[in-house]
Each structure stands twice: as structure tokens, then as C-alpha cells.
Amino acid sequence: MNPVLIDNQVGPDNLVVVGASVAGFTAAQTLRLEGYRGKLTIIGAEVRRPYERPPLSKQVLRGDWAPERVSLPGDVDANWLLGVSATALDIGCRKLRLSDGSMLAYGGLVIATGLTPRRLPFGGELSGIHVLRSLEDSLALRQDLLTSARLVVIGAGFLGAEVAATARKMGLDVALVDALEFPLVRQCGEIVGRRVLQLHEEHGVQVITGTGVTAFGSANGRVTEVVLTDGRTLAADTVLVAIGSDPAIGWLSGSGLSMSNGIDCDSSCRAAPDIVAAGDVANWVFPGLNTRVRVEHRMNAAEHGIAAAKALLGSDEPFAPVPYAWTDQYDARIQIAGTVAPDAVFRVAVGSLDDRFVGEYAANGCVTAVLGWNAARDFTQRRRRIGQTAGADLL
């Protein structure tokens with residue numbers, strides 16, 4: 001069957017947002033706030049309106065929040081196409097092919113399709129093995145946790161560590177496995193990673209680092225154990241695979257867009273004439289650094305959506321945020337602002353690693369990031385140091 005063209009209008013008064021995400025929703029809101037009054041269409045692969053993802057590994061997974069509570073506040077005057085995904089882009093004709101077989105013309109395009117969770121190359125046929133990206137993923141994982149005694153989490157980044165903490169609060173025996181030496185070491189470095197490992201062990205989590213996973217054992221089509229690369233096995237009723245995500249750009253193959261680690265954009269979020277990208281999927285030239293950056297954090301998604309929308313309307317202002325993220329694990333809130341370089345030197349600036357503290361990261365004689373552990377006020381004050389000359393003990 002030939003595809004149906006559902007909107008033949010091409011021009012500046014026909015804007016389309018692909019991705020009903022935080023970045024996409026914020027971009028659509030910004031377009032209206034900036035005075036755009038033309039036709040606006042929002043395409044979302046999920047049937048739900050945009051919602052917050054951070055609570056999925058905590059409040060929703062524990063059952064403290066009803067699913068409706070994560071919905072983003074506010075609305076936007078737009079034509080919503082939910083439960084439909086974009087499957088191809090034709091830049092020359094300015095048209096999108098959608099999963100229902102239709103074609104959608106656009107005058108300007110915001111791409112905010114986010115991430116796709118990575119999966120292991122084995123075990124896909126077994127029940128009890130989960131990834132966590134969507135609200136439906138969180139609800140499905142919760143249902144399994146309610147009838148499980150043992151959870152194995154593969155991957156000790158923000159998501160894996162948060163789910164491990166949540167499951168311990170729910171009373172499960174938890175093992176947290178990672179190929180690296182410490183949890184959160186990619187995000188926070190070795191010193192803080194050691195402290196995170198200690199935190200989980202204090203709460204009874206079995207933390208296994210420096211090893212990967214080679215297979216799953218099963219019975220009657222359901223996972224029963226996890227086989228590690230060092231030969232050990234871990235009993236498991238449920239498994240979460242949290243080994244990272246990839247930009248959702250597969251549908252753009254053959255589009256002509258430049259793509260490396262995501263959609264390549266200039267410093268103002270532009271990927272091509274009348275096309276911008278925002279959020280987790282965008283890889284942009286960071287002003288002043290002469291390097292490309294892609295950030296996978298909630299606050300960046302919102303800020304990026306605003307910047308991309310303004311760029312689509314003609315702004316040339318470079319997008320140069322200070323990245324900010326946070327994670328809640330047990331009674332610890334960890335906040336981090338800035339960029340932690342692989343060779344950064346860390347020091348505690350306020351407090352003690354044994355209690356609450358604020359630490360600074362420095363590289364090339366400059367403070368590049370600040371981290372707070374249950375120290376919100378001191379963290380807020382100290383983050384002003386980002387970009388300043390580091391102290392003598394960090395030089």
C-alpha cells in the first residue's frame with residue numbers, strides 16, 4: 001500500500017517535533033512561548049504524554065507514586081500523534097515517514113528521540129530480564145520485584161545503583177555487578193566510587209566489580225541465575241540490565257544527517273537547514289572547547305529543548321550549559337555539576353567522606369566539576385567555582 005501524505009504543507013508555519021520527551025515537550029512549549037503561532041505537530045512513540053523519567057527507578061518502582069504522578073505539568077497547543085514513531089527522514093523533500101505508513105511534511109524539524117537501552121546479546125528469550133527506560137518498563141520490573149527474593153543488577157551507573165538501592169528498600173537480596181572497579185566511577189571518579197560502593201555494602205548489597213556477565217541460567221523459560229566471566233554464578237529471580245544506552249538514531253539511516261555519537265549539531269543545536277536536535281540524542285559542538293559533547297541528564301534535556309527551539313526560530317546563540325545531574329540512593333543525595341574529565345584530580349573541599357561533603361574536580365589547573373553528598377547548600381555555593389583556577393592542592 002502506498003503511504004498516505006497526511007500533511008502536504010511545507011513552510012516555516014509547519015513545525016514538527018519528533019520525540020514526546022522532556023526535550024521535545026520543552027522545545028514545543030518554547031516555540032509557543034517565543035511567539036510561534038503556526039501548525040505544530042508532536043510525534044511520540046509511546047501512547048502517553050511526556051513524563052519524568054528519574055522517578056521510574058525510585059518512587060514509581062517502589063510504588064510510592066502512582067504512574068500518573070510523573071506526567072509533565074502544563075500543555076502545548078499542538079497536533080499530538082502518540083503511539084506513532086518516525087521511521088525515516090527525507091531531507092530533500094522535507095518529509096517524515098511514520099510507522100503507520102503515512103508521510104508527514106515539515107517546514108522545520110526538532111529531533112528529540114532520546115535513547116535506546118542497550119541489551120546483552122543473550123537471554124532475550126527469557127522472562128524476568130528487564131531494561132528500564134519507559135514507564136511501562138518500570139511497572140513491569142516492579143511486578144517482578146513484588147514476587148522475587150533475589151535481584152541481580154548488571155551495570156553500576158546511576159540507573160543500576162538507584163534500582164539496587166530501591167530493591168533493597170523493598171526487602172530483596174541484591175547483587176550489583178559491573179566490569180569496572182567501582183560503582184559510578186565513569187560519572188564521579190574513583191574516590192567517590194569507593195564511597196558509593198561502601199554505601200551499598202552498608203545496606204547489604206553484594207557489590208561485585210571487575211567482572212562481566214557471560215550467560216544466564218534458566219528454568220521453564222525464566223532466568224534463574226547469572227553467570228559471571230570469572231566463573232561464579234549468582235542466583236536470580238529477576239535481572240535488570242543497566243549497561244547504558246545509545247542515541248535513538250537508527251531511523252535516520254540514509255537521511256544525510258551527520259551522525260557520530262548521536263546527531264552531529266553545531267554550537268547552536270543545528271543539524272541541517274531547518275533541523276535541530278535536542279536532549280540525549282544530540283551531539284553538539286561545545287562553545288570554547290572545540291569538542292563535541294553529548295549529555296544524558298534530565299536538566300540538560302530541558303535546557304537543550306529551549307535552545308533548540310530558539311535556534312529553529314532563528315537564534316544563533318551558542319548552547320553552553322553547565323551540566324547538572326543528581327542521584328538518590330538510600331538516604332544519600334549526590335549532586336554533580338560540570339564535567340569530570342578522565343584525568344581530573346579530586347579533593348574534598350567541605351566536610352568529610354565519612355559524612356556529608358562537597359568535592360571539587362580539577363583538570364589543567366581549572367575546576368571543571370563540583371560534587372555534593374547530602375550537602376545541597378554548600379554544593380550550590382561551591383558550584384560557582386566551576387571555571388575558576390584550582391587551588392594549589394589540585395594543581
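The values are calculated or read from the model by the stated rules, or taken from the named source; none is laboratory data. These numbers come from a predicted model, not from an experiment. Don't worry about glycine lacking a Cβ; one is built from the backbone with ideal geometry, like all the others, and counts go over all protein chains shown. Quick note on the areas: whole protein, heavy atoms, side chains included, nothing else; ligands and nucleic acids left out. Shrake-Rupley method; radii C 1.70, N 1.55, O 1.52, S 1.80 Å.
Near Lys169, which lysines are there with a Cα under 29 Å away, not counting those fewer than 8 places off in the same chain?
Within the straight-line cut-off, Lys169 pairs with Lys58.
Report, for the range 115-226, the % of DSSP beta bridges that are antiparallel, rounded to 5.
Approximately 30 percent, going by the DSSP bridge assignments.
With a Cα-only, solvent-free Debye model of the chain, what are the log10 I(q)/I(0) values at q = 0.07, 0.09, 0.13, 0.15 Å⁻¹?
Debye intensities relative to I(0), on a log10 scale: -0.35, -0.59, -1.15, -1.37.
Report the dimensions of the range 109-235 along its three principal axes from the alpha-carbon atoms, largest first, rounded to Å.
Sorted from largest, the Cα extents of the range 109-235 read 48, 40, 28 Å.
Please report, to two decimal places, log10 I(q)/I(0) for the range 48-101 at q = 0.19, 0.24 Å⁻¹ as given by the Debye formula with identical point scatterers on the Cα atoms and no solvent.
-0.80, -0.93
Just want the answer: with Cβ charges of +1 for Lys and Arg and -1 for Asp and Glu, which residue in Leu132, Val213, Val192 is farthest toward the dipole's positive end in the range 124-221?
Val192
Let me understand the range 223-304 better: what is its radius of gyration from the alpha carbons, and its Dmax, in angstrom?
When restricted to Cα atoms, the range 223-304 yields Rg and Dmax of 18.2, 54 Å.
Taking only Cα atoms of the range 311-393, what ratio of Rg to Rh do you get with Rh as the Kirkwood inverse-distance radius?
Details: Rg = 14.5 Å, Rh = 13.6 Å.
Rounded to two decimals, Rg/Rh equals 1.07.
Before I look further, what does the range 273-395 give for accessible area per residue, probe 1.4 Å, in whole square angstrom?
Value for the range 273-395: 46 Å² per residue.
Separation between the Val47 and Leu72 pseudo-spin-labels, each 7 Å from Cα along Cα→Cβ, expressed in nm?
2.1
Only bridges whose two residues both fall in the chain count here: according to DSSP, what percent of them are antiparallel, nearest 5? Provide the component values of the computation, followed by the final result.
Values: 52 of 89 bridges.
So the antiparallel bridges amount to about 60 percent of the total.
Can you give me the % of accessible surface on the chain that is carbon or sulfur? Probe 1.4 Å, all protein chains present, nothing else counted.
C and S atoms contribute 48 percent here.
About the Cα centre of the range 1-138, how large is the charge dipole given +1 on each Lys and Arg Cβ and -1 on each Asp and Glu Cβ? Please answer in debye to the nearest 20.
240
Note down the magnitude of the dipole of the chain about its Cα centre, charges +1 on Lys and Arg C-beta and -1 on Asp and Glu C-beta and zero elsewhere, to the nearest 20 debye.
So the magnitude is around 360 debye.
Angle between the Cα long axis of helix 158-169 and the longest principal axis of the chain, 0 to 90 degrees, nearest 10?
Value to nearest ten degrees: 50.
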